[in-house]
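Engineer: Below: one structure in structure tokens.
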Amino acid sequence: MTLLMLPKIDVASAPSIVRVSLPRISCMPSYQWMDIPMVFRNISRDFSRCHISKMTRPEFLSGEWCGHRCGHMLDHIDPPIHDLILNTRSLTVDDLPAPPGEVLKTVIEDSKGRQSFMEFRLSGYIYASGKVALTKMSNTQLWAWEYKGAMTPFGIAGIWGNGREIVGGYCWIWKKQWCE
């Protein structure tokens with residue numbers, strides 16, 4: 001098991017930064033979105049995927065999310081992602097086909113959020129396998145970041161970058177209600 005060491009942040013010197021609480025396990029109703037396998041079966045494989053069928057549905061994904069992202073060397077943590085409202089829907093015949101070997105499950109569109117002083121839009125796809133592909137676009141500047149990751153029992157975790165060869169760092173978003 002690898003221990004992830006994050007840099008120390010001096011939040012006292014930046015009082016205007018929005019603070020985002022980490023999720024609390026006591027606020028995560030895992031019994032509602034996990035099909036926990038029977039004991040003495042192929043538990044490691046089954047347990048590692050028991051959340052995917054429910055957590056990739058539009059009704060689970062819709063709502064308010066928050067999170068963090070950091071640099072690829074863990075040398076800095078960006079201001080928190082907050083006020084992220086995911087708008088989701090099921091697939092229609094007009095949606096793009098999935099990449100080979102994948103099955104599209106949920107579309108994220110017209111979603112909005114904030115990070116520090118910047119507002120952004122978010123769109124993308126959630127696959128039946130739990131794979132996540134999102135694009136974050138600035139509302140005021142001409143740039144976009146690609147986010148690629150996976151649905152975990154603790155939210156969406158993955159990497160962000162320019163969509164080509166450059167990895168900017170790591171990201172993790174979770175449902176805001178898990179913090180309350």
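Computed from the coordinates by the stated procedures, all read-outs in this text should not be read as laboratory data. Note that the structure is a prediction, hence the values are computed from the model and not measured. Here the Cβ is made from the backbone with ideal geometry for all residues, glycine too, and neighbour counts use every protein chain on show.
Engineer: Using Cα positions and a limit of under 12 Å, work out the aspartates and glutamates in reach of LYS54, with same-chain residues fewer than 8 apart set aside.
Structural biologist: ASP35
Engineer: Apply the Karplus curve 6.51 cos²θ - 1.76 cosθ + 1.60, θ = phi - 60°, to the phi angles in segment 153-160 and return the couplings in whole Hz, x for Gly and Pro.
Structural biologist: Computed from phi, the couplings for segment 153-160 are x, 10, x, 9, 10, x, 10, 10 Hz.
Engineer: Here's another thing I want to ask about it. Residue by residue through segment 19-34, what is 3J(HN,Hα) from phi via Karplus (6.51 cos²θ - 1.76 cosθ + 1.60, θ = phi - 60°)? Round to whole Hz and write x for glycine and proline.
Structural biologist: Per residue, the Karplus-derived 3J(HN,Hα) values read 9, 10, 6, 6, x, 10, 4, 6, 9, 9, x, 4, 5, 7, 10, 10 Hz.
Engineer: Give, in nm to one decimal, the length gained when the segment between CYS27 and HIS76 is fully stretched (0.36 nm per residue of separation minus the Cα-Cα distance). Provide the component values of the computation, followed by the final result.
Structural biologist: Values: separation 49, 0.36 × 49 = 17.64 nm, distance 2.80 nm.
Taking CYS27 through HIS76 to full extension adds about 14.8 nm, to one decimal.
Engineer: Ok, one more. Sort 103-113, 131-141 for me by packing, meaning the mean count of neighbouring Cβ atoms within 10 Å per residue, highest on top. Please list the in-between numbers first.
Structural biologist: Working: 103-113: 17.8, 131-141: 16.3.
Going from most to least packed, we get 103-113, 131-141.
Engineer: Moving on to the next point. Tell me the mean residue ellipticity at 222 nm calculated for the chain from its helices only (DSSP H runs of n ≥ 4, each -39500 (n - 2.57), averaged over every residue, nearest 500).
Structural biologist: On the way: 4 runs with 19 residues, N = 180.
Theoretical 222 nm ellipticity from helices: -2000 deg cm²/dmol.
Engineer: While we're here: Tell me which aspartates and glutamates have Cα within less than 18 Å of LYS175's Cα, excluding those fewer than 8 residues away on the same chain?
Structural biologist: Candidates past the 8-residue exclusion: GLU59, GLU64, ASP83, GLU109, ASP110.
Engineer: Give the shape of the chain as rounded, prolate or oblate, defined through the alpha-carbon gyration tensor: a ≥ b ≥ c are the square roots of its eigenvalues, a/c under 1.5 means rounded, and otherwise the shape is prolate if a/b is larger than b/c and oblate if not.
Structural biologist: On the way: a/c = 1.62, a/b = 1.22, b/c = 1.32.
Verdict is oblate for the chain.
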